[in-house]
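So the structure is just underneath, and the comments pick up after that.
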Amino acid sequence: MCRSIKTLRPPTSPEVTDEDIRAAALQYVRKVSGFRAPAAHNREVFDQAVDAVAAATEELLDGLQIRGSAVRRHTHA
């Protein structure tokens, strides 16, 4: 789907920042909406979608259990 979204789970990415999660969410919303930068009248809903996807991504990564791996290290930037 979005080839520029990198894998954020361990061991591929041992440390993930809020910026990493937000960048992935932004790429996803851009792909799904078809807009690289939305028009002013779509900005609010676009930004809300990025926030929702970022929150869902963080929840997913925090809940994943990876065999042979310590707890995911999520650093707040």
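The values are calculated or read from the model by the stated rules, or taken from the named source; none is laboratory data. Computed from a predicted model, the values in this text were never measured in an experiment. Counting neighbours? That spans all protein chains shown, and the Cβs are built from the backbone with ideal geometry, glycine included. Just the protein is used for accessible areas: all its heavy atoms, side chains included, with ligands, DNA and RNA removed. Shrake-Rupley method; radii C 1.70, N 1.55, O 1.52, S 1.80 Å.
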Discussion item. What distance in nm separates the two pseudo spin-label positions at Arg43 and Thr12, each 7 Å out from Cα along the beta-carbon direction?
Written reply: 3.3 nm
Discussion item. Let me cross-check Ser33: its accessible surface, 1.4 Å probe, with only protein heavy atoms counted, in Å² to the nearest 10?
Written reply: 50 Å²
Discussion item. Check which residues have an amide H placed less than 5 Å from Thr17's amide H, if you skip close sequence neighbours.
Written reply: Thr75
Fill in: Positive minus negative residues near Asp18 (Lys, Arg vs Asp, Glu; Cβ under 12 Å)
-4
Worksheet entry | Exposure of Ile66 as accessible area (Å², to 10), given a probe of 1.4 Å and all protein chains | 50 Å²
